[in-house]
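Working notes, structure below.
The values are calculated or read from the model by the stated rules, or taken from the named source; none is laboratory data. Every value quoted in this text rests on a predicted model; they were computed, and no experiment measured them. Because the Cβ atoms are built from the backbone with ideal geometry, glycine has one as well, and the counts that use them run over all protein chains shown. Only protein heavy atoms, including side chains, enter the accessible area calculation; ligands, DNA and RNA are left aside. Shrake-Rupley method; radii C 1.70, N 1.55, O 1.52, S 1.80 Å.
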Amino acid sequence: MDTFNALLSGFAVALSLQNLMWGFLGVTLGTAVGVLPGVGPALTIALLLPATAKLDPTGALIMFAGIYYGAMFGGSTTSILLNTPGESATIVTAMEGNLMAKRGRAGPALATSAIGSFVAGTIATILLTVMAPVIVDLALKFGPAEYFSVMVLAFTTVSAVLGASPARGLASLFFGLMIGLIGLDSQTGQARLAMGVPELLDGIDVVVVAVGLFAVGETLYIATYFNRESDQLEKMKGTIWMSRSDWKRSWKPWLRGTALGFPFGTIPAGGAEIPTFLSYAIEKKLTKHPEEFGKGAIEGVAGPEAANNASATGTLVPLLTLGLPTTATAAIILAAFQQWGLQPGPLLFETQPALIWGLIASMYIGNVILLILNLPLVGIWVKLLEIPRPLLYAGILIFATLGAYGLRNSWFDLALLYVVGLIGFLMRRYDIPVAPVLVGMILGPLAEQQFRRALAISQGDLTIFLRQPISATVLAITALVLIGPPIWRRMSARRAAGAPAAKG
Amino acid sequence: MTTRARIHPGELAISLGLVALGSFVIYETQNIAETQGYAQIGPRLFPYLIGVGLALCGAVLGWEALSGGWRHVPLDDAHQEPDWMAFAIISAGVILHMVIIGWAGFILASILLFVLVARGFGSRKPVRDAIIATILAFVVFFLFTKGLGLTLPKGPFEGVF
């Protein structure tokens, strides 16, 4: 039982007073930013990057992971009480959950999402614990060619497969890859795309890009287009506890949601939107109370909430074992590893077992803390929703500009921040996804490095990517996910067009 | 629901911008000296690929914009009446903050930014905003300089604390 021993020593790390404190701070911050509309885990972690560079990586990473999955807990509170998703992954919760709150059942809605998140988070962490060593064993056989192929798969799924439009997703990805190019080439030390600007030789910092897109761009977008109607905050009435029938109707959706969310997080397909929507559709089909759907059915809250939490934890599997980020937040956590010179992947399990297993163990503890923070103490977080919107966004911009300026005390970074903010504004306005920018920017340079290494080994022979069995398989899957969905869509469209004709 | 015009100028402009950006990347890449070293691939290949990718995406999106608009764009009525005044006020806040932070210091620049952003969001209570901004700016300043070891410009408070 190597894994078990590794996990036990991980608990020894995670239970040290200092790391417990970081974990507690992380999940508390995570809940807060999850609750606050307009602030997400990606933005929060990006803002904390410069300030944590001198800290012990284990503690800081425990805090970052806590922010990530803590935000999934907190996001549901906003969705239920405000009908504005606190997090994009909690859009579905906003539908049934808010309707429950309108009928005076805010308490059970909050309870089923908090307990469901806990169940899903804990099961997903167990699965992470069991799966990570298996994937690490496989990944140890990876050479540069395999890594490059897996990264291409991640690029494809993150940009082209998910989301409304492959063209817009890929445009976003290439834009991110371009940002990643700026600065000195890691192998030859030559300046690329720096245009003679000395500030650009160091490259564009991920903090500026993340904060520009998520804080400045988002603020401009909300102020310009969505500042007319005011939000309706539902009151918390009655009991917070769930009745016997609530429990009976919740536990199966929790488990089904977990079963959907975890694999979606694990495969390099990122994002919790798809599994939460799938979970909602399945619960709607399986429920014994179909009449309640559309009026506030507890199953429609329990399932999707479990799914988004399981998927967030699932995202850490490719991140920790292969160094592959598949969401914006995971990309920023990868950037966090890099600021201490650490590269997540199979080797990190051997060189830094205390860090990796301490991080995994901290997630078991974090989920318990989150259950307490989000169930008995939910009233505190509701107070955050009463902050008037002008003050909330004004505060967000104070932190945003601080994050960019604090990097090297240069107005240049603030100018860059505003330019990225304008781009983020346009991306929101024209429905271009932003996550691929971050994944491309952070993963792009690593992919290029692996590509060049692979070709150095093969002496310039490009077929190396197809001759290695693992690499070839991964590339075949990539081709399949890229061309499969459009063909399938066209065929089903033809079938739909053909059906009425056959009837007539 | 709103109907979409056949040719969407904003979408076309962004598409052309992507083509221009891609072309620029390809053009700039020619200035990178091709040194191979021990690797077979120099520093030029990826910039070329990325430039081509950007231009291609721009071309596809441009074609979509000309033939009925981008595909699968959610129609949002809010997009019909943008509040450009709010946009201008918040932009002014961010730009002014950038201009003055060097000599006015973090605290004063942040207070100005806070008041302007709140105004952009429709706040009509500048005094309340300024008081909250002052408290927040001081707390954040001390938290990040004394607590987390960041260096921030003090402006007129230089030597005061």
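If you roll a 1.4 angstrom probe over the protein chains with everything in place, what fraction of the accessible area of the stretch A:1-132 belongs to carbon and sulfur, to the nearest %?
With neighbouring chains kept in place, the figure for the stretch A:1-132 is 74 percent.
Can you give the charge dipole size of chain A about its Cα centre, rounded to the nearest 20 debye, using +1 on the beta carbon of Lys and Arg and -1 on the beta carbon of Asp and Glu?
Here chain A has a charge dipole of around 1600 debye.
Treating the angle as unsigned and between 0 and 90°, give the value, to the nearest 10°, between the Cα long axis of helix A:57-82 and the longest Cα principal axis of chain A.
40
Quick one: Karplus J couplings for the stretch A:303-316, per residue in order, coefficients 6.51, -1.76, 1.60, θ = phi - 60°, nearest Hz, x for Gly and Pro?
x, x, 5, 4, 4, 6, 5, 5, 5, 4, 5, x, 4, 6
Less than 14 Å from a label point 7 Å out along the Cα-to-Cβ axis of B:M85: which backbone N atoms in the stretch B:102-132 qualify, by residue?
Once the point is set 7 Å along Cα→Cβ of B:M85, B:119-125 turn out to lie under 14 Å by backbone N, inside the stretch B:102-132.
Treating only the Cβ atoms of Lys and Arg (+1) and Asp and Glu (-1) as charged, compute the dipole magnitude of chain B about its Cα centre; round to the nearest 20 debye.
Rounded to the nearest 20 debye, it is 420 debye.
List the residues whose amide H sits under 5 Å from the amide H of A:R192, counting only those 5 or more places along or on another chain, with H placed 1.01 Å from N in the peptide plane.
A:G183, A:L184, A:D185
Tell me, what ³J(HN,Hα) does each residue in the stretch B:70-80 have, in order and in whole Hz, if you take phi through Karplus 6.51 cos²θ - 1.76 cosθ + 1.60 with θ = phi - 60° and put x for Gly and Pro?
4, 7, 6, 8, x, 7, 10, 4, 4, 6, 6
If each of A:R244 and A:Q459 carries a label point 7 Å out from its Cα toward its Cβ, how far apart are those two points in nm?
7.8
In terms of Cα to Cα distance under 20 Å, which lysines are near enough to A:K235, apart from those fewer than 8 places away along the same chain?
Answer for A:K235, where 20 Å is the Cα cut-off: A:K102, A:K295, A:K383, listed by chain and number.
Just want the answer: with Cβ charges of +1 for Lys and Arg and -1 for Asp and Glu, which residue in B:P47, A:L82, B:L150 is farthest toward the dipole's positive end in the protein assembly as shown?
Positive-end residue among those listed: A:L82.
Once the Cβ-Cβ distance between B:L143 and A:F277 is put in as r, and R0 is 35 Å, what FRET efficiency do you end up with, to the nearest 0.05?
Efficiency for this residue pair is about 0.30.
For B:D83, tell me the accessible area in Å² from a 1.4 Å probe, rounded to the nearest 10.
The accessible area comes out at roughly 60 Å².
Through the Karplus equation 6.51 cos²θ - 1.76 cosθ + 1.60, θ set to phi - 60°, convert the phi angles of the stretch A:183-193 into ³J(HN,Hα) values in whole Hz; use x for Gly and Pro.
Karplus values, whole Hz, x for Gly and Pro: x, 7, 5, 5, 9, 10, x, 8, 6, 10, 6.
Please compute the modelled spin-label separation between A:A53 and A:K295, points set 7 Å along Cα→Cβ, answer in nm with one decimal.
Result for the modelled spin labels: 5.8 nm.
Relative contact order, percent, of chain A when contacts are C-alpha pairs under 8 Å separated by at least 6 residues?
Averaging sequence separation for qualifying contacts and normalising by length gives 28 percent for chain A.
Kindly report, to the nearest 10 Å², the accessible surface of A:T473 as traced by a 1.4 Å probe over protein heavy atoms only.
Approximately 80 Å² of A:T473 is accessible to the 1.4 Å probe.
Hey, what angle do you get for helix A:41-52 against the long axis of chain A, alpha-carbon based, 0 to 90 degrees rounded to 10?
Its long axis makes an angle of about 50 degrees.
Give the residue from A:L407, A:I464, A:G444 lying farthest towards the positive end of the charge dipole for the stretch A:399-504; charges sit on Cβ (+1 for Lys and Arg, -1 for Asp and Glu) and the dipole is referred to the Cα centre.
A:I464
Taking the 0 to 90 degree range and rounding to the nearest ten, how far is the long axis of helix A:144-156 tilted relative to the main principal axis of chain A, both from C-alpha atoms?
Helix A:144-156 sits roughly 40 degrees off the main axis of chain A.
Helix-only mean residue ellipticity at 222 nm, the protein assembly as shown, DSSP H runs n ≥ 4 weighted -39,500 (n - 2.57), per residue, nearest 500. What is it?
Computed mean residue ellipticity for the protein assembly as shown: -23500 deg cm²/dmol.
Could you tell me the center-to-center distance, by alpha carbons, between the stretch B:66-113 and the stretch A:1-18 in angstrom?
Their Cα centres are 47 Å away from one another.
Excluding ligands, DNA and RNA, what is the solvent-accessible area per residue of the protein assembly as shown at a probe of 1.4 Å, expressed in Å²?
So the protein assembly as shown comes to 41 Å² accessible per residue, rounded to a whole number.
Please pull out the direction-averaged projected area of chain A, using the convex hull of its alpha-carbon atoms, in nm² to one decimal place.
Mean projected area of the Cα convex hull: 26.1 nm².
How large is the dipole of the stretch A:1-126 about the Cα centre if only Lys and Arg carry +1 and Asp and Glu carry -1, each at its Cβ, rounded to the nearest 20 debye?
Using Cβ point charges on Lys, Arg, Asp and Glu, the stretch A:1-126 gives about 360 debye.
Working out 0.36 nm times the residue gap between A:L8 and A:L286, then minus their Cα-Cα distance, what length gain in nm do you get to one decimal?
That pair, A:L8 and A:L286, stretches by 96.1 nm at full extension.
Might you work out the accessible area of A:K295 for me, using a 1.4 Å probe with all protein chains in place, and round it to the nearest 10 Å²?
The value for A:K295 is about 120 Å².
Taking the dipole about the Cα centre of the stretch A:253-330, with the C-beta of Lys and Arg at +1 and of Asp and Glu at -1, give me whichever of A:L260, A:A306, A:F293 is farthest to the positive side.
Most positive-ward Cα: A:L260.
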